[in-house]
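Student: Next up is a structure, given as C-alpha cells.
Coordinate-derived values only; no laboratory data. None of the values given here were measured: they were computed from a predicted structure. When we count neighbours, we look across all protein chains shown, and the Cβ atoms used for this are built from the backbone with ideal geometry, even at glycine.
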Amino acid sequence: MPTPEPIPTESLGRALHWRYAVKKFDPARRIAPADWAALEEALVLTPSSYGLQPWKFVVVTDPATREKLLPASWNQRQVVDASHLVVFCIRKHLKTEDVDAFVRRTAEVRGVAVESLSRFRDMMVGDVVEGARSFVVNQWASNQTFIALGNFITSAALLGIDSCPMEGFEPARYDQILGLAKRGLAAVVLCAAGYRAADDKYSALAKVRFPVESVIERI
C-alpha cells in the first residue's frame, strides 16, 4: 500500500472547525454514492483492540423504518431528515467462534497458515472470552464502537459531509425495531449524516472549547 499524500495542516483544522453536531438536516440533500462508499470504508478501516472488530454498523436509509425509530430517538428529527443513519452496534458476549473467525480472516488476508496464529488466538481467547475481561466484554466492545464513531465523524468532515452523533435514544427499542437482539447485536450509539439545513440557526454559532493549555498537558 503506497504512503498516502498528507493533506495540508490547515485543511484538517478547517474541516474540524467547520464540523458540528447538526441540529437540523436538509431532507432534500443526499450523500452521493461514491462519498458514502468512502465513509463505509472508513468504518471498516477503524482500528480496534486486537483488531477484533467487535461491531456491526447498521445503515438505515428506509424512510418507513426511520419513522418507526423516531419515537425511540426522543423525537429528534435528525434520524429521519438526514441522508443516512448509522446505528453502531456491538456483537454481544464475544465467543471463541468470533475470535476464530478473525484469525481465519487474518490468515486469508496475510497469506499465512491459521496454525501460525495459534499463540495470538489463544491470547485473545484467554482475555476477552475466558479471562477477566469476559465479565465486562460488552462494555469493552461498546468502547470500541466510539473509536469507530470518531473516525466516521472526522472522515465525514474531511469530505464536507455533516454528521450528528447521538446517544439520546432508547437502545432496547432500537434492538427490537431493527431485530438486533436475535442476531446477537445491541445498539450503542447513532450517527446521522447528510447536510445541514440552510436555516439551521445553530450552525453559525462559535464553537466553544476550553483553551489548549487547559486541556493539553505536556510532560
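Student: Using alpha carbons only, how many angstrom separate the centre of the stretch 174-219 from the centre of the stretch 123-150?
Tutor: After rounding, the separation between the Cα centres reads 22 Å.
Student: Give the Rg/Rh ratio for the stretch 1-139, taking Rg as the radius of gyration of the Cα atoms and Rh as the Kirkwood radius, to two decimals. Show your work: numbers first, answer last.
Tutor: Numbers: Rg = 19.6 Å, Rh = 18.6 Å.
Over the Cα atoms of the stretch 1-139, Rg/Rh equals 1.05.
Student: I would also like to ask the following. Where Rh is the Kirkwood radius over the Cα pairs of the stretch 36-94, the temperature 4 °C and the viscosity 1.567 mPa s, what D in µm²/s does Stokes-Einstein return?
Tutor: On the way: Rh = 13.0 Å.
Taking Rh from Cα pairs, D becomes 99 µm²/s.
Student: Projecting each Cα onto the charge dipole of the chain (Lys/Arg +1, Asp/Glu -1 at the beta carbon, about the Cα centre), which of LEU69, ALA38, PHE152 comes out farthest on the positive side?
Tutor: LEU69
Student: Taking 8 Å as the Cα distance limit and 6 or more residues as the minimum spacing, I'd like the relative contact order of the stretch 8-118 as a percentage.
Tutor: Over the stretch 8-118, the number comes to 29 percent.
Student: Report the charge-dipole magnitude of the chain in Debye, nearest 20, computed about the Cα centre from +1 at each Lys and Arg Cβ and -1 at each Asp and Glu Cβ. Each step should come with its number before you reach the end.
Tutor: Working: 27 positive and 25 negative charges, 75 e Å.
The calculation lands at about 360 debye.
Student: I need the calculated FRET efficiency for the pair ARG77 and GLU5, taking r as the beta carbon distance and R₀ as 45 Å, to the nearest 0.05.
Tutor: Values: r = 38 Å, r/R0 = 0.85.
Efficiency for this residue pair is about 0.75.
Student: So for ASP98, ASP35, ASP122, ASP62, fewest C-beta neighbours within 10 Å to most, what's the order? Mind showing how you got there, number by number?
Tutor: Working: ASP98 19, ASP35 16, ASP122 13, ASP62 10.
So the ranking, lowest neighbour count to highest, is ASP62, ASP122, ASP35, ASP98.
Student: Further question on the same structure: Using a Förster distance of 45 Å, how high is the FRET efficiency between ALA64 and ARG218, based on the Cβ-Cβ distance and rounded to 0.05? Spell out each step's value before the answer.
Tutor: On the way: r = 52 Å, r/R0 = 1.16.
That gives a FRET efficiency of 0.30.
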